[in-house]
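K.L.:
Could you have a look at this structure, given as C-alpha cells, before my questions?
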Amino acid sequence: PTAIAFMESLVKRDRAAVVCDLLFGLPGQDAQTWGEDLAIARDIGLDGVDLYALNVLPNTPLGKAVENGRTTVPSPAERRDLYL
C-alpha cells in the first residue's frame with residue numbers, strides 16, 4: 001500500500017494517536033505542492049501534524065548538490081512563506 005493508505009488504515013484502527021511529520025523547503029517544492037501535501041495530511045484525519053523546515057547541511061549529498069547547482073531549494077523568504 002501507499003504511505004497515504006497506510007496512514008489511513010492506522011487512523012481507522014483508532015488505537016493510538018497518529019501523527020505525521022512533514023518537511024517544507026524541499027528541492028522543487030513550491031506553495032502549490034506544499035498546499036497539496038498539507039491537504040492530504042488534513043484529509044487523512046490525523047491526530048496531529050508536525051512541520052519542520054529542511055536544513056541543508058554542508059558536506060552532505062544534498063548540501064553538495066545545492067552548492068554545485070545540481071539542485072535548488074526554496075530561498076529563506078520562500079521557506080518563510082511556506083511556514084506561514
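K.L.:
Using +1 on the beta carbon of Lys and Arg, -1 on that of Asp and Glu, and nothing else charged, what's the dipole of the chain about the Cα centre, debye to 20? Write down the numbers at each step before the final one.
P.N.:
Numbers: 8 positive and 12 negative charges, 45 e Å.
In debye, rounded to 20, the chain gives about 220.
K.L.:
First check a/c for the chain, with a ≥ b ≥ c the square roots of the eigenvalues of its C-alpha gyration tensor; if it is under 1.5, answer rounded, and if not, answer prolate when a/b is larger than b/c or oblate otherwise.
P.N.:
The shape class here is prolate.
K.L.:
Fully extended, how many nm does the chain gain between Tyr52 and Ala31 (0.36 nm per residue separation, minus their Cα-Cα distance)?
P.N.:
Gain in length upon complete extension: 6.1 nm.
K.L.:
Once the Cβ-Cβ distance between Ala17 and Leu38 is put in as r, and R0 is 22 Å, what FRET efficiency do you end up with, to the nearest 0.05?
P.N.:
Here the calculated transfer efficiency is 0.70.
None of the figures in this text is laboratory data; all of them are computed from the coordinates on show. All figures in this text were calculated on a predicted structure; none of them were measured in a lab. All Cβ positions, even for glycine, are placed from backbone atoms using ideal geometry, and neighbour counts span all protein chains on display.
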